[in-house]
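Below: the structure, in C-alpha cells.
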Amino acid sequence: LGIGTTSPDYALDVDGNAQFGLNEDLTPSSTGTVGQLLVDGNGYNSWWAMDGTAMYLGHNSAARGLGLMTDETTRLFITSGGNIGIGTTAPSTTLHVSGTALFKNGSDSTSALQIQNAAGTSNLLIADTTNTRIGIGTVSPSTTLDIVGAARVNNTSTTAIQIKSSST
C-alpha cells in the first residue's frame, strides 16, 4: 500500500509525514503522551512515545533487554533487570563498560570524581582535578596521593614499592 507514492517498496510505504496513535497512552508507566508508535510483533509490543518531559522507548517483555545499535553491532544494552552495558550485551553490574572509558569533568573541581559508600554518606575515593590529587578515605587530599587509614602493598616482585624524591 503506497501513501504519497505510486510505486511502494514495502507492504506499507508512506512518502511524507505520518501520525500514529494520537492521544493514546501506549507506555506502561507514563501518562499524557502526545505522540506514540506501537509495533506489534507476535505478541511482543515495542513502542516509542513522547510526552511533555521525555521520549520513551521500550517493550512489554520482562525477559528481553533493549539494545541500541550502529553498523549492525550492539553498542549499548539495557538488560530486563536494568543493568546497562556499553560494549557488552551481558552487563553483570549496574554499569558495565567493556572497552576504554573517559570521565571528563566540564571544569576542574576538588571533587571531580567521587566513589561513595552505598548510603552516599562517605567518600571512599575522591579525585581533585584542581590540585591533581587523589584521596582515599579523605574528602580533601593534601598530597598527590593521600591515604587516610591503613594501606597494604602485596606484590611478589623484587620491587614492591619505590619512593623517589624529585631532588635526587
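The values are calculated or read from the model by the stated rules, or taken from the named source; none is laboratory data. Values in this document were obtained by computation on a predicted structure and should not be read as measured data. Heads up, the Cβs are rebuilt from the backbone with ideal geometry, glycines too, and the neighbour counts pull from every protein chain shown. The protein model used for the area step is the full one, side chains on, heavy atoms only, and it has no ligands, DNA or RNA in it. Shrake-Rupley method; radii C 1.70, N 1.55, O 1.52, S 1.80 Å.
The spacing between the stretch 62-79 and the stretch 98-168, judged by their C-alpha centroids, is 34 Å. The three principal axes of the C-alpha atoms in the stretch 88-168 carry coordinate ranges of 48, 34, 25 Å, sorted with the longest axis first.
Here the Karplus curve 6.51 cos²θ - 1.76 cosθ + 1.60, taken at θ = phi - 60°, turns the phi angles of the stretch 108-125 into couplings of 5, 8, 7, 9, 5, 9, 10, 10, 10, 5, 4, 7, x, 9, 9, 7, 7, 8 Hz, with x standing for Gly and Pro. Accessible surface calculations at 1.4 Å, restricted to protein heavy atoms, place the stretch 33-168 at 75 Å² per residue. Shape call for the stretch 30-168 from the C-alpha gyration tensor, a ≥ b ≥ c root eigenvalues: rounded (a/c under 1.5), prolate (a/b greater than b/c) or oblate? It comes out prolate by the Cα gyration axes. Dividing the convex hull volume of the alpha-carbon atoms in the stretch 123-168 by its residue count gives 103 Å³ per residue.
Across the accessible surface of the stretch 34-151, with the other protein chains kept in place and a 1.4 Å probe, carbon and sulfur atoms take up 56 percent.
Restriction of the trypsin sites (Lys or Arg not before Pro) in the stretch 110-168 to DSSP coil positions whose beta-carbon has at most 13 other beta-carbons within 10 angstrom yields 152, 164.
Derived scalar couplings between HN and Hα for the stretch 60-70 equal 9, 10, 6, 9, 10, x, 10, x, 10, 10, 9 Hz in order, rounded to whole Hz, by the Karplus curve 6.51 cos²θ - 1.76 cosθ + 1.60 (θ = phi - 60°), x for Gly and Pro.
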